[in-house]
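First comes the structure, then the notes that go with it.
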Amino acid sequence: MAKKKIQKLLVANRGEIALRVMRSAREMGISTVAVYSEADRNAPFVRFADEAVCIGPAASKESYLVFEKIIKVCKDLKVDAVHPGYGFLSENGDFCRALEKAGVIFVGPSPQAMKVMGDKLAAKEAVKNHGVPLVPGTEGAVSGLEEAIKVAKTITFPILIKAAAGGGGKGMRIVEQESELKEGLERAISEAQNAFGDGSVFIEKYVAGPRHIEVQIMADSHGNTCYLFERECSIQRRHQKVVEEAPSAVLTPELRKRMGEAAVAVARSVDYTGAGTVEFLLDEQKNFYFMEMNTRLQVEHPVTEMITGLDLVKLQIRVAEGEQLPFTQDDLKINGHAIEVRVYAEDPANNFLPDIGTLTTYRPPQGPGVRVDDGFEEGMTIPIFYDPMIAKLITHGATREEAISRMERAIDDYAIAGVETTLPFCRFVMGHETFRKGQYDTHFVRDHFRPEVLLGNDTGEGEAAALVAAQLFADRSNRPAAQPVGAAAEVSPWKLKR
Ligand code: MV4
């Protein structure tokens, strides 16, 4: 790969990630271009950019997803490279190719690597001869009921039917016994066809009570690939992550090394370059299995930055310029512990219903070990057109305990009024003994959370919940009330309890 200095970077994204990418670019002396929709005219990322171009109406399909408009801006403003952030066009191979044709660098992997990893079956096929453990199941798409029955009997029920074109939990179906297999298979195929335009499905042994552990990798175009350790993302709701931490509380150094090396093997199998994430399931016996690879910078990348001291965006940019990674695997060490909680404009007391509105009060927490990646300011309205994430709150500490207590302090210091947020839910998680022990899996929310615990009228079903409530009460009672004065009507129930 030829080396080429990037002097001007366009960020094809919005909100917190656009701002976060531009900050690193600026520190590198790279000038920044924002593209924005009419709904984001006054957003901080637009103001931060050296240049900004409106690319259309609020709806993503008419702005952030129209890559012809973005490529036109690249040509008009003589942009050298595009960073796609996450979501939107970040995993769109056609966009990469169109940029390539226009002579613009895409900050990310090759379209080919993206394509293979975007197809879950192709991904399994690519990695299977590289010593990466896979969940037992079909090799390739299921040809029909006969094969499905045969495989299911070999691997034993329960099984999981997954769509090849799915991912992130979309298009999955559990089948508990043979009598349900015919109908389950038919439905899975028709759902996959409808949702993705591709009816290919495959079968895996269903792993009960798994943990979601993903490994951050970083690869340059000179054949160097390193793992930047893992993130534990098991606290999620309907496949939406809410709390992430690094490192995982349950990996031994030996298991960490094995998973890290497996992740590197996955990346190498497709000649991966740039930042990527290899997702594994870890079962109760601590066997790990490759699930999928995400070919983008992820929302939760800050926890990795906090424990490694690295700036993943700067590394992505250096790699895109054709530079070598500035470290080897042996140079990388884990420093302390980091936790991220996602602050969504959703009401956790009301089935996480999206709550739109204006941030009448918005004061993020500060202080040692606290990082806030956000894209809003007080007085701004959360647009209804996009993901309702307001911010990511990240804390770092010397130990997991310190990261947790720092997170509790930071959540309590976070003043948001005007919309309901997931902060009370995150506070609940931090106080929960199962979380504090690190002994949680992907069923945590289902098994431990009921909205009543946030409303303070818990019916006494769970001792843990009562303990948490008592803990929260004790925590609050020795603190002065810090309320936005005169905004009582807009104060959230969480804030009222303080
Ligand atoms: C599984 C599984 C159990 N067994 N595969 C969901 C997202 C996708 N990346 C993989 N997923 C799962 N695959 C087998 N063979 C359980 C899940 C799963 C899950 C995984 C990670 C995080 C949260 C999850 C929630 C439900 C199911």
Within the range 355-423, considering only strands (runs of 3 or more DSSP E) that don't extend past its boundaries, which have at least 3 residues that are open to solvent by less than 60 Å² (accessible area, probe 1.4 Å) and not hydroxyl-bearing (Ser, Thr, Tyr)?
370-374, 389-397, 415-417
If we keep only residues of the range 195-208 that are more than 23 Å from the chain's Cα centre (by Cα) and farther than 16 Å from Phe290 by Cα, then the residue least open to solvent (accessible area, probe 1.4 Å) is Val201
When residues of the range 162-182 are filtered for being within 22 Å of Lys115 (Cβ to Cβ), open to solvent by less than 60 Å² (accessible area, probe 1.4 Å) and either not assigned by TED's automatic domain parsing to the domain that holds Gly199 or not basic (Lys, Arg) (or both), how many remain?
8
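Residue-wise test of (1) within 25 Å of the chain's Cα centre (by Cα); (2) more than 13 Å from the ligand (Cβ to nearest atom).
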| residue | (1), (2) |
| --- | --- |
| Ile155 | no, no |
| Ala164 | yes, no |
| Glu183 | no, yes |
| Gln193 | no, yes |
| Arg211 | yes, no |
| Met218 | yes, yes |
| Ser234 | yes, no |
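Just checking, does the range 428-435 include any residue being open to solvent by less than 10 Å² (accessible area, probe 1.4 Å), over 23 Å from the mean Cα position of the chain (by Cα) and assigned by TED's automatic domain parsing to the domain that holds Ala345?
No; the residues of the range 428-435 include none that is open to solvent by less than 10 Å² (accessible area, probe 1.4 Å), over 23 Å from the mean Cα position of the chain (by Cα) and assigned by TED's automatic domain parsing to the domain that holds Ala345.
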When you look at His301, is it under 30 Å from Pro354 (Cβ atoms) and within 16 Å of the ligand (Cβ to nearest atom), yes or no?
no
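Here's the yes/no breakdown for (1) within 21 Å of the chain's Cα centre (by Cα); (2) at positive phi; (3) at pLDDT 95 or above:
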residue	(1), (2), (3)
Ser405	no, no, yes
Ile411	yes, no, yes
Thr442	yes, no, yes
Arg476	no, no, no
Being at negative phi and within 16 Å of the ligand (Cβ to nearest atom) is true for just one of Lys101, Lys170, Lys115. Which residue is that?
Lys170
Pairs please, first residue from the range 303-318 and touching a residue at least 60 places away in the same chain (Cβ under 8 Å), second anywhere and open to solvent by 10 Å² or more (accessible area, probe 1.4 Å) and among the aromatic types (Phe, Trp, Tyr), Cβ atoms under 9 Å, 6+ apart in sequence or on different chains.
Thr304/Phe229; Ile307/Phe229; Thr308/Phe229; Leu310/Phe327
Starting from residues that are outside any loop (DSSP other than H, G, I, E, B) and acidic (Asp, Glu), keep the ones in the range 323-354 and report whichever is farthest from Ala417 (Cα to Cα).
Asp330
Within the range 276-287, identify whether any single residue is under 30 Å from Ser110 (Cβ atoms), in contact (Cβ under 8 Å) with a residue 24 or more places away in the chain and open to solvent by 20 Å² or more (accessible area, probe 1.4 Å), and answer yes or no.
yes
Any strands (runs of 3 or more DSSP E) falling wholly within the range 159-274 and containing at least 3 residues that are among the aliphatic types (A, V, I, L, M) and farther than 20 Å from His301 by Cβ:
159-167, 170-175
I'd like to check something: does the range 165-173 contain any residue that is within 28 Å of Thr434 (Cβ to Cβ) and modelled with pLDDT of 95 or more?
no
Identify all residues within the range 329-354 that are open to solvent by 80 Å² or more (accessible area, probe 1.4 Å) and touching a strand residue (DSSP E or B) at 6+ places or on another chain (Cβ under 7 Å); write none if there are none.
Leu353, Pro354
Condition met for Glu139 (among the acidic types (Asp, Glu) and open to solvent by less than 50 Å² (accessible area, probe 1.4 Å)):
no
Selection from the range 236-252 of residues within 12 Å of the ligand (Cβ to nearest atom), open to solvent by 10 Å² or more (accessible area, probe 1.4 Å) and out of contact with any Ser or Thr (no Cβ under 7 Å at 6 or more places or on another chain) yields Arg237, Arg238, His239, Gln240, Lys241
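The values are calculated or read from the model by the stated rules, or taken from the named source; none is laboratory data. Just so it is clear, the structure is predicted and the values come from calculations on it, not from any experiment. Cβ: placed from backbone, ideal geometry, glycine included. Neighbour counts: every protein chain shown. These accessible areas exclude ligands, DNA and RNA; they are computed on the full protein's heavy atoms, side chains included. Shrake-Rupley method; radii C 1.70, N 1.55, O 1.52, S 1.80 Å.
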